[in-house]
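Novice: Please read through the structure below; I'll follow up with questions.
What follows draws every value from the coordinates through simple rules; no lab data is involved. None of these values were measured; they are calculated from a predicted model. Reconstructed Cβ throughout: ideal geometry from the backbone, glycine too, with neighbour counts over all protein chains shown.
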Amino acid sequence: MTESAVAPRQAADADKRRLLSRADNPLVRAVGRLPVKVRTKLLVGFLSIAALLVLVALLGLRVLGQSNLRAEHLGALQVRVAGYQQLEADAAALRQELAICAGNADYATWLNGGRRSAAGALGPACLRKIQQPVESVLALLGTATQLGFKPTASESGQVRQIKSDYGRIKVLVPRIARSSRASSALHARAEQLSVDLEVAARGLAETTTAKTKALIAENQHSYSSSRNLFVAVAAGAVALALALGLLLSWSLIGPLQRIGRRLAAIASGDFTRHVEVANRDELGALGANVNRMNDELDRLYRELETASRHKSEFLANMSHELRTPLNAIMGFSQVLREKLFGDLNEKQEEYIGDILSSSDHLLALINDILDLSKVEAGQVELEIAPFSVREALERGTVMVKERALRNGVALGLMIDPSVGIVAADERRVRQVVFNLLSNAVKFTPAGGSVEVRSAQVNGEIQVSVADTGPGIAPEDHERIFEEFQQTQVGVEQREGTGLGLALSKRLVELHGGRIWVESTPGVGSTFTFTLPVEAG
Amino acid sequence: MAATLVGLGVLIAGYSAWGKDSNTSDQKLANLYKIDQIEKTWHKAASRKNLNLMMSLWAPKATATIGGKTYTGKTAIRGLFAKSGPFQPQNHWESDTPAYKIRATVNGSKGTLYFECHYVDVDTGKVVTAVGADQEVRKINGRWLITNLTAATVTLKP
């Protein structure tokens with residue numbers, strides 16, 4: 001396949017993916033771009049869904065209403081069918097009663113083996129016996145004609161005919177009862193009327209039954225149509241509500257997710273990009289504000305970086321400039337104290353001692369500031385080389401040994417055999433060890449102890465300095481690693497600059513290690529730092 | 001709400017009834033056909049003077065009322081027919097059995113049947129006698145049989 005053929009296909013695939021993607025869907029974007037508030041969009045969405053529900057409910061009510069009407073109509077038809085069937089049954093009973101004495105000449109012939117009977121018609125005596133049963137059936141027929149419903153216009157004619165036949169039979173029956181042989185014609189007429197009555201009633205019953213069946217069929221058809229319509233509208237409503245809900249939620253969630261990702265990036269210090277929110281609602285405004293905040297933070301961050309760099313450079317330069325005259329002061333003070341240029345009186349010796357003591361303190365302070373500034377300015381480059389941790393720790397303890405003895409503090413060193421050579425900047429590590437040891441010796445009262453331990457734990461060299469000093473309150477555990485921060489005891493003793501632990505922390509972190517303190521006030525403190533076996 | 005539920009119930013019931021109706025309608029038509037066959041057999045038996053065939057249409061405890069007299073049981077009814085015109089050897093009667101002379105209803109295993117017998121003397125070509133009867137029929141052991149007959153005046157017109 002050639003490149004020219006591949007390109008349109010890729011574009012089409014990209015379009016398809018864009019259509020299926022929630023956030024990039026053109027419909028979702030279009031909803032997002034609507035220049036109305038989110039509240040309004042949600043309100044419109046909910047109202048639309050509510051309107052669909054109301055529509056479905058109204059449709060359901062309409063269908064049920066129609067069904068109710070048909071049910072009522074069906075009930076009325078069934079009442080009519082029952083009435084007409086009763087009428088038919090009564091008429092049939094009447095006909096049977098009359099037929100019991102059917103005795104015309106044809107029957108006489110049939111019974112008589114086909115010969116014409118001289119007596120002619122049968123049963124005049126029978127005819128006289130039937131008055132009672134016929135009258136009881138007529139009474140029933142009379143009851144049945146009280147239909148309890150109003151016949152329709154098409155049925156009225158037949159109902160009138162039934163009533164008329166009924167009246168005529170009622171007149172004939174007493175005459176038949178009094179009959180003689182000559183009344184056979186009356187009997188036949190009554191029987192004929194009863195047949196007409198039965199036929200008419202049956203006609204009404206059958207017509208009404210047919211209407212009932214037609215209505216049931218119509219009901220069935222109507223039910224199917226209504227059910228299909230109802231299901232279709234309900235399904236459509238649900239689909240529309242879902243689509244509307246998803247469209248709205250995507251138009252809100254997409255921008256929120258993008259803003260969330262951008263804020264996470266900003267929180268991690270990435271100010272290089274803007275969040276793209278096409279919405280013209282509150283989310284659009286939020287996106288724009290996030291972008292403004294991003295730009296402003298970027299600007300401030302750069303300014304802070306510049307200011308910090310300038311401060312560090314200034315401090316580094318100043319420290320260097322301060323050290324030069326201080327060296328002269330200290331040198332000449334030492335020369336004077338050595339009495340190379342003549343004796344000093346007691347007062348002069350005391351003042352020279354004060355000058356040297358103050359100069360030492362000032363030099364330590366300047367050195368620490370210089371180191372800290374260099375670290376912050378990124379001017380410290382570690383000189384990584386293999387060295388023996390054991391030796392470094394022994395030298396560190398030697399440096400504070402004299403002061404420990406003077407203060408009556410026992411000094412101990414325990415190094416695990418697993419601790420050997422480590423690749424790190426030896427001078428900086430010793431500086432850290434010295435800081436921790438000198439603090440421990442300084443704050444541990446006479447009779448106390450300071451112990452240095454080292455071991456290899458989880459691939460790291462761990463060095464800890466434990467003392468039995470006054471301890472550090474838990475709220476100070478973090479604060480003491482910041483510049484110029486000291487514990488209350490440190491402040492009261494007026495010793496130290498408050499820079500030693502800050503500098504130690506920077507140096508340890510430069511090596512890729514960690515430093516922390518565990519302490520119980522009144523019991524003592526343990527400062528621990530780690531170094532990767534392969535530092536740097 | 002109650003009316004709505006009732007309406008729905010009636011609709012469902014109507015639907016169910018309509019569903020069943022098609023089955024019952026077929027059964028009813030089948031039964032009506034079998035009841036109709038009674039008339040056919042009757043006239044076949046009468047025209048051929050086949051008394052056994054005639055008696056095969058009757059239930060064991062059937063009754064027949066003609067001319068104010070009731071005959072109970074197949075033996076009595078057989079005697080009635082043995083004396084009747086169509087079964088006399090000297091009579092050459094054929095029964096005309098057009099469809100308009102019959103009316104039948106069915107309700108489950110019971111039914112009614114009315115039909116007329118217009119006997120034509122084949123020698124003269126004239127109607128000798130025309131009689132009718134209302135009958136009650138019942139399905140017994142799978143067969144439709146006459147359980148009661150009452151003579152009636154001929155009423156059906158062509």
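Novice: When the helix-only estimate is applied to the protein assembly as shown (DSSP H runs of n ≥ 4, each -39,500 (n - 2.57), divided by the residue count), what is the mean residue ellipticity at 222 nm, nearest 500 deg cm²/dmol? Each step should come with its number before you reach the end.
Specialist: Numbers: 17 runs with 427 residues, N = 694.
Mean residue ellipticity at 222 nm (helix-derived): -22000 deg cm²/dmol.
Novice: Pull up all non-local amide H partners of A:SER449: gap of 5 or more, or a different chain, and H-to-H distance under 5 Å with H placed in the peptide plane.
Specialist: For A:SER449, the qualifying residues are A:ALA410, A:THR468.
Novice: All other residues with a Cβ under 13 Å from the Cβ of A:SER67 taken together, and with Lys, Arg as +1 and Asp, Glu as -1, what is their net charge?
Specialist: +1
Novice: Near B:LYS40, which lysines are there with a Cα under 30 Å away, not counting those fewer than 8 places off in the same chain?
Specialist: Output for B:LYS40: B:LYS28, B:LYS49, B:LYS61, B:LYS69, B:LYS74, B:LYS83, B:LYS101, B:LYS110, B:LYS126, B:LYS139, B:LYS157.
Novice: Right, another one. What's the average, rounded to a whole number, of partner chain beta-carbon atoms within 10 Å of each residue's beta-carbon in B:129-136?
Specialist: Working: counts 11, 5, 7, 6, 2, 7, 0, 1.
Across B:129-136, the average partner-chain Cβ count within 10 Å equals 5.
Novice: Oh, and also: Among residues other than A:ARG506 whose Cβ falls under 14 Å from its Cβ, what is the net charge (Lys/Arg +1, Asp/Glu -1)?
Specialist: -4
Novice: Mind listing the phi-derived Karplus ³J(HN,Hα) values for the range A:196-201, rounded to whole Hz, using 6.51, -1.76 and 1.60 with θ = phi - 60°, and x for any glycine or proline?
Specialist: These are the phi-based 3J(HN,Hα) values: 4, 4, 5, 4, 5, 5 Hz.
Novice: Same structure, new question: Once the Cβ-Cβ distance between A:ARG33 and A:ALA307 is put in as r, and R0 is 51 Å, what FRET efficiency do you end up with, to the nearest 0.05?
Specialist: 0.75
Novice: While we're here: If you plug each phi of the range A:54-61 into the Karplus form 6.51 cos²θ - 1.76 cosθ + 1.60 with θ = phi - 60°, what whole-Hz ³J(HN,Hα) values come out, in order, with x for Gly and Pro?
Specialist: 4, 4, 4, 5, 4, 4, x, 5
Novice: Right, something else. Run through the DSSP bridge list for the range A:392-536 and note the antiparallel percent, rounded to the nearest 5.
Specialist: The answer is about 75 percent antiparallel.
Novice: In whole Å, what is the distance between the alpha-carbon centres of the range A:163-179 and the range B:55-132?
Specialist: Computed from Cα coordinates, the inter-centre distance equals 28 Å.
Novice: Considering only DSSP beta bridges whose two residues both sit in chain A, what percent are antiparallel, to the nearest 5?
Specialist: Percentage antiparallel, nearest 5: 80.
Novice: Could you work out, residue by residue across A:60-72, how many beta carbons of other chains sit within 10 Å of that residue's beta carbon, and then give the average as an integer?
Specialist: Values: counts 2, 1, 0, 4, 7, 3, 2, 9, 7, 1, 4, 9, 2.
Per residue, the number of nearby Cβ atoms from other chains is 4 on average.
Novice: Within straight cross-link reach of A:LYS442, meaning Cα distance under 17 Å, which lysines are found once same-chain residues fewer than 8 apart are removed?
Specialist: Straight-line reach from A:LYS442, under 17 Å: A:LYS401.
Novice: Give me the distance between the Cα centres of the range A:54-87 and the range A:409-487, rounded to whole Å.
Specialist: The distance from the Cα centre of the range A:54-87 to that of the range A:409-487 comes to 97 Å.
Novice: Antiparallel as a % of all DSSP beta bridges within the range B:20-152, to the nearest 5?
Specialist: The antiparallel proportion sits near 90 percent.
Novice: Ok, one more. Quick one: 3J(HN,Hα) in Hz for the range A:361-377, Karplus 6.51/-1.76/1.60 with θ = phi - 60°, rounded, Gly and Pro as x.
Specialist: With the stated coefficients, the range A:361-377 comes to 4, 5, 5, 4, 4, 5, 4, 4, 4, 4, 4, 4, 5, 5, 4, 5, 7 Hz.
Novice: Would you mind counting up the charge near B:PHE81? Only other residues with Cβ under 12 Å from its Cβ, with Lys and Arg at +1 and Asp and Glu at -1.
Specialist: Local net charge: +4.
Novice: Also: Starting from 0.36 nm per residue, how many nanometres of slack lie between A:HIS477 and A:LEU256 once their C-alpha separation is accounted for?
Specialist: 75.7 nm
Novice: Another question, then. When you look at the Cβ of every residue in A:322-334, what mean number of other chain Cβ atoms sits within 10 Å?
Specialist: Numbers: counts 0, 0, 0, 0, 0, 0, 0, 0, 0, 0, 0, 0, 0.
Averaged over the peptide's residues, the number is 0.
Novice: In terms of modelled amide H atoms, which long-range or inter-chain residues lie less than 5 Å from the amide H of B:THR65?
Specialist: When sequence neighbours closer than 5 places are left aside, the close amide H contacts are B:TYR71, B:LEU149, B:THR150, B:ALA151.
Novice: For the protein assembly as shown, build the charge dipole from Cβ charges (+1 Lys, Arg; -1 Asp, Glu) around the Cα centre, then report which of A:VAL195, A:VAL38, B:ALA130 sits farthest towards its positive end.
Specialist: Of A:VAL195, A:VAL38, B:ALA130, it is B:ALA130.
Novice: Now for a separate question. With +1 on the Cβ of every Lys and Arg and -1 on the Cβ of every Asp and Glu, and nothing else charged, how large is the dipole of the protein assembly as shown about its Cα centre, in debye rounded to the nearest 20?
Specialist: Here the size comes out at about 8460 debye.
Novice: Separate question: Just grab the label-to-label distance for A:TYR351 and A:GLN485, each label 7 Å out from Cα along the Cβ direction, in nm (one decimal).
Specialist: Result for the modelled spin labels: 4.2 nm.
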